[in-house]
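The values are calculated or read from the model by the stated rules, or taken from the named source; none is laboratory data. Fair warning: this is a prediction, and the values are worked out from it, not measured in the lab. We place every Cβ from the backbone using ideal geometry, glycine too, and count neighbours over all the protein chains shown.
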Amino acid sequence: MVPAQPYPLKLDLAHTALLVIDMQNDFCTLGGWADCKGFDVSQTQQPIKPLQTLLQSLRQTPVTIIHTREGHRPDLSDCPPHKLARSKKQNAEIGSEGAMGRLLTRGSKSHDFVDELQPVSGEIVLDKPGKGAFVATDLDLILRQRGIRTLLLTGVTTECCVHTTLRTANDVGYECLLLEDCCASLKPEFHQVSVEMTQMIFGWVTTSRQLLTAVNLQAA
């Protein structure tokens, strides 16, 4: 049993998937999309270290590991016009050239994962055009083919891509466990509210250390 709020959750690692959501340069690195919008990306860098520890431990288990990236095709054919227009007005136009290539555009370093959290061989990389990982992707098919029942949710930002994915997962029948130290928001108050909403309505909340201790893995 994993200690969690609102109550402990039984975890079967063979039927569990870890979602590492959007730990990309665009959201976590100077010169990326979030930085261009004027946000403090030191906030979204905070989950990197606990996620490194979590991944190192869970890679020794049967847990399915999935990394997601938000971004668009190079021709922006999958980018809604209002999303593109909004990004332009906020000085971070999707598809424009940034310090690491085109912002939120597949194939650029800006769109890629931060160096510290690159996937390893055998882990699934899921590209998505929107906030939620279930929309316009084959995530649900992958999870059901593997018999997944429980999702461990991590990444950025807690209130946006993480929570959008969590809410959909809850609706379609998955148990959702949010690891609060492995998530972050560009505004800390958004993170706190999202954590509270999760444990009250949509799922469970714990920390990576509590999780690893409960499943008898080393939490460094």
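Structure notes:
- When the criteria are applied in full, residue 152 meets the requirement of being of a type in the set (A, V, I, L, M, F, W, C) and crowded, with 17+ Cβ neighbours inside 10 Å.
- Filtered residues of the range 9-49 (kept if more than 22 Å from residue 165 (Cα to Cα) and not basic (Lys, Arg)): 29, 30, 31, 32, 35, 36, 38, 39, 40, 42
- Count of residues meeting criterion [part of a helix (DSSP H, G or I) and touching a Ser or Thr at 6+ places or on another chain (Cβ under 8 Å)] in the range 14-38: 8
- Selection status of residue 45, within 23 Å of residue 136 (Cβ to Cβ) and under 13 Å from the mean Cα position of the chain (by Cα): no
- Residue satisfying condition, being among the small types (Gly, Ala, Ser) and either touching a residue at least 40 places away in the same chain (Cβ under 8 Å) or within 21 Å of residue 138 (Cα to Cα) (or both), within set 92, 85: 92
- The one condition in (1) in contact (Cβ under 8 Å) with a residue 60 or more places away in the chain; (2) touching a helix residue (DSSP H, G or I) at 6+ places or on another chain (Cβ under 8 Å) that residue 65 fails to fulfil: (1)
To keep it simple, each residue is scored yes or no on (1) over 21 Å from residue 127 (Cα atoms); (2) more than 19 Å from the chain's Cα centre (by Cα).
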| position | (1), (2) |
| --- | --- |
| 20 | no, no |
| 61 | yes, yes |
| 64 | no, no |
| 74 | no, yes |
| 82 | no, yes |
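- Residue in the range 140-162 that is among the hydrophobic types (A, V, I, L, M, F, W, C), without any contact (Cβ under 8 Å) to a residue 40 or more places away in the chain and under 14 Å from residue 26 (Cβ atoms) present: yes
- Any hit, the range 180-193, residues being under 23 Å from residue 25 (Cα atoms), of a type in the set (A, V, I, L, M) and crowded, with 19+ Cβ neighbours inside 10 Å: yes
- Scanning the range 39-59 for residues that are over 15 Å from residue 123 (Cα atoms) and part of a loop (DSSP other than H, G, I, E, B) yields a total of 5.
- Among the residues examined, residue 157 does not qualify as touching a Gly at 6+ places or on another chain (Cβ under 8 Å) and either surrounded by fewer than 16 Cβ atoms within 10 Å (Cβ to Cβ) or over 24 Å from residue 59 (Cβ atoms) (or both).
- Lone unmet requirement of (1) within 14 Å of the chain's Cα centre (by Cα); (2) at pLDDT below 95 for residue 90: (1)
- Within the range 126-136, being out of contact with any Gly (no Cβ under 9 Å at 6 or more places or on another chain) and either free of Cβ contacts under 8 Å to residues at least 40 places away in the same chain or of a type in the set (Lys, Arg) (or both) holds for 131, 132, 134, 135.
- Looking only at the range 64-83, and only at residues there that are assigned to a loop (DSSP other than H, G, I, E, B) and of a type in the set (Asp, Glu), the one that is surrounded by the fewest Cβ atoms within 10 Å (Cβ to Cβ): 75
- Hey, residue 12 surrounded by fewer than 20 Cβ atoms within 10 Å (Cβ to Cβ) and in contact with a strand residue (DSSP E or B) (Cβ under 8 Å, 6 or more places away or on another chain) or not: yes
- Residue that is within 24 Å of residue 47 (Cα to Cα), surrounded by 15 or more Cβ atoms within 10 Å (Cβ to Cβ) and among the acidic types (Asp, Glu), where the choices are 127, 140: 127
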